1. Quick check on D179: is it buried (at least 16 other Cβ atoms within 10 Å of the Cβ), closer than 17 Å to F49 by Cβ and not β-branched (V, I, T)?
2. Using beta carbons and a limit of 6 Å, which pairs, at least six apart or on different chains, have the first residue in region 250-274 and over 10 Å from L235 (Cβ atoms) and the second one β-branched (V, I, T) and surrounded by fewer than 16 Cβ atoms within 10 Å (Cβ to Cβ)?
3. Tell me, which helices (runs of 4 or more DSSP H) lie completely within region 172-249 with 3 or more residues that are not assigned by TED's automatic domain parsing to the domain that holds S148?
4. With the checklist (1) at pLDDT 80 or above; (2) small (G, A, S); (3) surrounded by fewer than 16 Cβ atoms within 10 Å (Cβ to Cβ) in hand, flag the one item G187 doesn't pass.
5. Please determine, by comparing only the residues of region 176-209 that are under 29 Å from L231 (Cα atoms) and of a type in the set (S, T, Y), which one is nearest to the chain's Cα centre (by Cα).
6. In region 137-176, which residue that is aliphatic (A, V, I, L, M) and surrounded by fewer than 17 Cβ atoms within 10 Å (Cβ to Cβ) is farthest from K62 (Cα to Cα)?
7. Kindly indicate the residue of region 259-288 that is surrounded by fewer than 17 Cβ atoms within 10 Å (Cβ to Cβ) and in contact with a helix residue (DSSP H, G or I) (Cβ under 7 Å, 6 or more places away or on another chain) and also farthest from M226 (Cα to Cα) among those meeting that condition.
8. Where the second residue is aromatic (F, W, Y) and in a strand (DSSP E or B) and the first is in the same structural domain as V225 (by TED's automatic domain parsing) and lies in region 24-41, which pairs have Cβ atoms under 6 Å and are six or more apart or on separate chains?
Amino acid sequence: MINGIILINKPQDFTSFDVIAKMRGILKQKKLGHSGTLDPMATGVLPVFAGSAAKAISIMPKKGKSYTAGFKFGIKTDTYDITGKVTEQSDKTISREMLDSIIIRFEGNIKQLPPMYSAVKVGGKRLYELARKGIETERPEREAVIKSLVIKEFDEQTQEGVFDIECSQGTYVRSIIHDIGEALGCGGVMTSLVRTRSDGFELCDCITLEELEELRDKDEVQSRVMPCERLFDELPEICFDEKQTFLYKNGVKLPLAAKWKNEGSELFRAKGFDGEFIGIAKADRDAGILRVCKNLSGDRK
């Protein structure tokens, strides 16, 4: 069984789950999960967690995401992207100066309304399920952090362009383009989306599903499996002896040693007596114990 992270460049028109289903067939392994869902029209970084690494998804540090997005003004759709049903069109011409003056409003801490065609749940129902039935419902605004928003290209003749955006987890790039179009009074849709970075993983480190198949045929898949420990490189490391390793793997709380008390961090990268990365431990200094935050060893010994 493969245990670790495989970085996939998600193909267009695949859902994130489609990628997992395809990989299960390629690797003949059921235990796979992904972090950071991508829209079907999007491509780019999709970290896939295999084996015991799948347990790390819920606790992995969130380091933000970066995208390159294409956009077009003068049109609105129900999905906020070019694949949707056109709801409005405009002949208004937007200049580069007008665009530059507006985008500064969308940097920093912002609030955005999730599009109806999204997986957000309201009243126990996915928004896209309601949207497909022609139902539009109220949904709460969500906070997002836009660290940078840079226009790379803009053609005033075609009203099309491209920008780079660095943003927090859960940001809807489609909504940003829609909202910019609303602010400009012309409407706007997303025409393409590439995730170039996700939680520290870069597009240049990703492989395609076709490349994964080739690696499988050569019995070289392991060469592209990243150890789960990399996610937690910033945490201080603690090393257990053989008895402590056994207890940790079986969920037993350990006495908080003096050398661990003096560390500034609450969370630790735990290593077994043989040097194996076995999970994340949490210090409870008031109780004087070290708790198992997440056992990532994949077994009990």
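The values are calculated or read from the model by the stated rules, or taken from the named source; none is laboratory data. Note that the structure is predicted; figures quoted are calculated from it, not measured. Because the Cβ atoms are built from the backbone with ideal geometry, glycine has one as well, and the counts that use them run over all protein chains shown.
1. no
2. Taking only residues 6 or more apart or on different chains, the pairs are K253/I289; L256/I289.
3. The qualifying helices (runs of 4 or more DSSP H) are 209-217, 242-249.
4. For G187, the failing item is (3).
5. If we take residues in region 176-209 being under 29 Å from L231 (Cα atoms) and of a type in the set (S, T, Y), then S198 is nearest to the chain's Cα centre (by Cα).
6. If we filter region 137-176 for residues that are aliphatic (A, V, I, L, M), which is where we start, we get 144-146, 149-151, 162, 165, 173, 176.
If we keep only those that are surrounded by fewer than 17 Cβ atoms within 10 Å (Cβ to Cβ) as well, we get 145, 150-151.
Working: V145: 13, V150: 22, I151: 25 Å.
Selected residue: I151.
7. Among those that are surrounded by fewer than 17 Cβ atoms within 10 Å (Cβ to Cβ) and in contact with a helix residue (DSSP H, G or I) (Cβ under 7 Å, 6 or more places away or on another chain), it is R285.
8. Filtered contacts from region 24-41: G33/F49.
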